[in-house]
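Everything below concerns the one structure shown next.
The values are calculated or read from the model by the stated rules, or taken from the named source; none is laboratory data. Every value quoted in this text rests on a predicted model; they were computed, and no experiment measured them. Neighbour counts are summed over all protein chains in view; Cβ atoms, including those assigned to glycine, are modelled from backbone coordinates with ideal geometry. Areas reflect the complete protein model, heavy atoms only, side chains present, ligands, DNA and RNA absent. Shrake-Rupley method; radii C 1.70, N 1.55, O 1.52, S 1.80 Å.
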Amino acid sequence: METSQGPTIARPGSAMDIALAEAHAAAGRGEIPVGAVVLGPDGAVLARAGNQVEATHDAAAHAEILALRAAAVLRGSARLSDCDLVVTLEPCPMCAQAISFFRIRRLIFGAYDPKGGGVEHGARVFDASSCHHRPEVVGGVRESDSAALLRAFFAERRQA
């Protein structure tokens, strides 16, 4: 997990490039290839991460959680209400709930996850009456790139 070393400004498209780079790095470590980037209100990259579940033996070490935690530490606040999260895969229910609790302004994700998603599929966390905060959601950004990375990763795993 890295945080930015300066005021790197990223547009959502280039932020997805960073998230995809984190996903590729995660795949290289044997992790499910998911990457995430938290952008500050000015578009600066506050934090970036890829999955680290296997490396840390922590089922909660999803890219989204790691990036959100790092951004919160950097900002000195558990509320990131003026920040955006860019992630390569539709967040699972656990990550969707964390996004709500961190009060993320906008969630931008790549591939949809019909089996394990918690935003547009499955639990639809943000639609639940118990959800405290619903961010703006933009799905399908660079969807084919994110989906291709996941397909290739799992195809390789099945062959091994």
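Volume per residue for the range 59-113 equals 69 cubic angstrom (convex hull of Cα atoms).
Using Cα pairs closer than 8 Å and at least 6 residues apart in sequence, work out the relative contact order for the chain, in percent.
Details: 367 pairs, mean separation 30.5, N = 160.
Relative contact order of the chain: 19 percent.
Each peptide in 97-106, 143-152, 63-72 gets a packing score, the mean of other Cβ atoms within 10 Å over its residues, and the list from highest to lowest is 63-72, 97-106, 143-152. Each Lys or Arg adds one and each Asp or Glu subtracts one; over the other residues with Cβ under 13 Å from the Cβ of Phe102, this totals +4.
Calculate I(q)/I(0) for the range 67-160 by the Debye formula, one identical point scatterer on each C-alpha and no solvent, and give its log10 at q = 0.18, 0.21 Å⁻¹ to two decimals. The computed values of log10 I(q)/I(0) come out as -0.80, -1.00.
Near Leu89, the amide H atoms lying under 5 Å from its own belong to Gly35, Gly110, Ala111; only residues 5 or more places off or on other chains count, and H is placed 1.01 Å from N.
Leaving out ligands, DNA and RNA, and with a 1.4 Å probe, what % of the accessible surface on the chain is carbon or sulfur?
Working: 3970 of 7600 Å².
Heavy-atom surface of the chain belonging to carbon and sulfur, 1.4 Å probe: 52 percent.
Taking only protein heavy atoms and a 1.4 Å probe, what accessible area per residue, in Å², does the range 72-160 have with all protein chains in place? Please report the intermediate quantities before stating the final value.
Working: 4620 Å² over 89 residues.
That works out to 52 Å² per residue.
Spacing of the modelled spin labels on Arg151 and Asp82, each 7 Å from Cα toward Cβ, amounts to 4.1 nm.
Across the chain, Cα-Cα pairs more than 28 Å apart make up 12 percent of the total.
Calculate, in nm to one decimal, what Ala55 and Gln159 gain on full extension: separation in residues at 0.36 nm each, minus their alpha carbon distance. Write out the running numbers ahead of the final one.
On the way: separation 104, 0.36 × 104 = 37.44 nm, distance 2.20 nm.
Gain in length upon complete extension: 35.2 nm.
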